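S.K.: Input: one structure, supplied below.
The values are calculated or read from the model by the stated rules, or taken from the named source; none is laboratory data. Just so it is clear, the structure is predicted and the values come from calculations on it, not from any experiment. Heads up, the Cβs are rebuilt from the backbone with ideal geometry, glycines too, and the neighbour counts pull from every protein chain shown.
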Amino acid sequence: MKAVILCGGQGTRIRDVADDIPKPMIRIGERPILWHIMRTYGAAGINEFVLCLGYKSWAIKEYFLNLRAQLADLTISPGRPGEIDYGSAEFPEAAWQIVLAETGLASQTGARLWNVRDRLAGEELFCLTYGDGVADIDVAEVVAFHRSHGKAATVTGVHPPGRFGVMTVDGSQVTSFSEKPQAGEGLINGGYFVFSPKVFDFLDDDPGLILEQRPLMRLAEAGELMLFEHHGFWQPMDTYREWRLLNELWDGGKAPWQR
C-alpha cells in the first residue's frame with residue numbers, strides 16, 4: 001500500500017515557531033513531524049509514500065535528498081568528493097520509497113489528492129493523512145477495518161484534545177488533575193483515512209476543492225464513508241503551544257506515538 005500525506009499548506013497559525021519552512025518540516029526533537037508520521041505508517045509495513053507538496057516544497061525535497069547522509073556514518077575523501085561511504089548501518093527509513101509530488105502552491109486538500117491520482121493507479125487501497133499531527137494509532141487496524149466493510153472511504157474519528165486542565169473534585173477538594181486531557185464529547189476528523197480508488201469518483205479538477213467539504217459530504221450521503229474510532233492519543237500541531245507540548249513529550253521520553 002501507499003500512504004499519501006498532505007504537505008502543501010502554509011501553516012499560517014504556527015509561523016511564530018518557524019516561518020521559513022513548511023509546517024511538516026517543523027521539528028519534534030531532532031526530526032520533522034513529517035518523519036514521525038511516516039514512522040507510524042512504517043510500523044504498519046507501509047513504506048511507499050506520496051507527499052503532496054506546495055508551500056516551500058524545496059525544504060521537503062532537500063530533507064529527503066539528504067536523509068541518508070543524516071542517518072548514516074559517513075567516510076569522506078576530500079580529494080575525491082564523489083566518493084562517499086555511507087557505511088553498513090541499517091535504519092528503517094532505508095525501506096522508504098517516496099514520491100515528492102508538486103501539487104500546486106495554492107491547491108486545496110481535495111485538489112492535491114486529485115493531482116496525484118496517477119501515482120495511485122492500480123492501487124487496491126491507499127492511505128491518506130495530514131502532515132501536521134501525530135497519534136498512537138495502529139494503521140494496520142484501520143486498514144483491516146476498511147477491508148471489512150468494503151466501502152469507498154474510512155475516516156478516523158478522534159476525541160479533540162482538551163484546551164484546559166480538567167479536575168475531578170470531591171466537595172472543595174481536587175482529587176485529580178489532568179493538564180492535557182482528551183475531550184470526552186464527540187468525535188472529529190483525525191485524518192488517517194483509507195480510500196479505495198472509488199474515492200476519485202467524488203473528486204474533480206477544481207483547484208479549490210476541499211476534501212473535507214463536498215467530497216466527504218457526498219461520500220457520506222452515498223453511504224460510502226465509514227468511521228474508525230480511535231480512543232488513544234491524537235494531537236495536531238497548529239500552534240506554538242501544541243508544538244511545545246509535543247516536544248516536551250518527546251524530550252521526556254513520553255511520546256505515545258513513538259515507534
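S.K.: Among the residues of the stretch 36-61, how many are free of Cβ contacts under 8 Å to residues at least 40 places away in the same chain and within 21 Å of ALA95 (Cβ to Cβ)? Show your work before the answer.
M.R.: From the stretch 36-61, those free of Cβ contacts under 8 Å to residues at least 40 places away in the same chain are 56, 58-59, 61; that's our starting set.
Subset that is within 21 Å of ALA95 (Cβ to Cβ): 61.
Here the count works out to 1.
S.K.: Just to verify a result, which residue in the stretch 162-203, among those that are in a loop (DSSP other than H, G, I, E, B) and among the hydroxyl-bearing types (Ser, Thr, Tyr), is modelled with the lowest pLDDT? Let's see the steps before the verdict.
M.R.: Of the stretch 162-203, the ones in a loop (DSSP other than H, G, I, E, B) are 162-165, 171-172, 179-181, 183-187, 190-192, 196, 203.
Of the ones still in play, those that are also among the hydroxyl-bearing types (Ser, Thr, Tyr) are 172, 192, 196.
Details: SER172: 46, TYR192: 95, SER196: 96.
Ranking the candidates gives SER172 first.
S.K.: Where in the stretch 28-145 are there helices (runs of 4 or more DSSP H), lying fully within it, with 2 or more residues that are more than 23 Å from GLN213 (Cα to Cα)?
M.R.: On the way: elements: 33-42, 57-65, 67-71, 109-115.
Qualifying helices (runs of 4 or more DSSP H): 33-42, 57-65, 67-71.
Per-residue answers, yes or no, for (1) touching a Phe, Trp or Tyr at 6+ places or on another chain (Cβ under 9 Å); (2) closer than 26 Å to PRO32 by Cβ; (3) of a type in the set (Lys, Arg); (4) at pLDDT below 95:
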residue: ASP205; (1), (2), (3), (4): yes, no, no, yes
residue: ARG218; (1), (2), (3), (4): yes, no, yes, yes
residue: LEU225; (1), (2), (3), (4): no, no, no, yes
residue: GLU229; (1), (2), (3), (4): no, no, no, yes
residue: PRO236; (1), (2), (3), (4): yes, yes, no, yes
residue: LEU245; (1), (2), (3), (4): no, yes, no, yes
residue: GLY253; (1), (2), (3), (4): no, yes, no, yes
residue: ARG259; (1), (2), (3), (4): no, yes, yes, yes
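S.K.: Something else now. Among the residues of the stretch 202-259, write down those that are closer than 30 Å to ALA18 by Cβ and of a type in the set (Lys, Arg).
M.R.: Of everything in the stretch 202-259, those that are closer than 30 Å to ALA18 by Cβ and of a type in the set (Lys, Arg) turn out to be ARG241, ARG244, LYS254, ARG259.
S.K.: Return the residue satisfying two criteria in turn: it lies in the stretch 6-33 and is over 15 Å from ASN247 (Cβ atoms) and of a type in the set (A, V, I, L, M), and of such residues it is modelled with the highest pLDDT. First the steps, then the outcome.
M.R.: Pass one, the stretch 6-33, residues over 15 Å from ASN247 (Cβ atoms): 6-13, 15, 19-22, 24.
Remaining after also requiring of a type in the set (A, V, I, L, M): 6, 21.
Working: LEU6: 97, ILE21: 87.
Selected residue: LEU6.
S.K.: Could you say which residue among ILE33, ILE37 is of a type in the set (A, V, I, L, M, F, W, C), within 26 Å of GLY110 (Cβ to Cβ) and either surrounded by fewer than 18 Cβ atoms within 10 Å (Cβ to Cβ) or in contact with a Leu (Cβ under 9 Å, 6 or more places away or on another chain) (or both)? Steps first, please.
M.R.: Values: ILE37 fails: either surrounded by fewer than 18 Cβ atoms within 10 Å (Cβ to Cβ) or in contact with a Leu (Cβ under 9 Å, 6 or more places away or on another chain) (or both).
Criteria check complete, one pass: ILE33.
S.K.: Step by step: first the residues of the stretch 42-55, then only those that are more than 18 Å from LEU113 (Cα to Cα) and of a type outside the set (A, V, I, L, M), then the one that is surrounded by the fewest Cβ atoms within 10 Å (Cβ to Cβ). Which residue is that?
M.R.: GLY45
S.K.: Out of ALA153, ALA135, ALA106, ALA121, report the one residue that is crowded, with 21+ Cβ neighbours inside 10 Å, modelled with pLDDT under 95 and among the aliphatic types (A, V, I, L, M). Outline the logic, then answer.
M.R.: Numbers: ALA135 fails: modelled with pLDDT under 95; ALA106 fails: crowded, with 21+ Cβ neighbours inside 10 Å; ALA121 fails: crowded, with 21+ Cβ neighbours inside 10 Å.
Going through ALA153, ALA135, ALA106, ALA121 in turn, the sole match is ALA153.
S.K.: Let me confirm something: among ASN115, ASN47, which residue is in contact with a Ser or Thr (Cβ under 6 Å, 6 or more places away or on another chain) and at pLDDT 95 or above? Don't jump to the end; show me each part of the working.
M.R.: Details: ASN47 fails: in contact with a Ser or Thr (Cβ under 6 Å, 6 or more places away or on another chain).
The match here is ASN115.
S.K.: Name the single residue that is nearest to ARG39 (Cα to Cα) among those in the stretch 87-103 being modelled with pLDDT under 85 and surrounded by fewer than 13 Cβ atoms within 10 Å (Cβ to Cβ). Please lay out each step first, then the result.
M.R.: Let us first name the residues in the stretch 87-103 that are modelled with pLDDT under 85, namely 87-92.
From the residues that got through so far, the ones that are surrounded by fewer than 13 Cβ atoms within 10 Å (Cβ to Cβ) too are 87-91.
Values: GLY87: 22, SER88: 21, ALA89: 18, GLU90: 15, PHE91: 11 Å.
Selected residue: PHE91.
S.K.: Please go through the stretch 225-257 and give me each residue that is farther than 18 Å from VAL158 by Cα, out of contact with any helix residue (DSSP H, G or I) (no Cβ under 7 Å at 6 or more places or on another chain) and part of a loop (DSSP other than H, G, I, E, B), ordered by number.
M.R.: Hits for the stretch 225-257 are GLY252, GLY253, LYS254.
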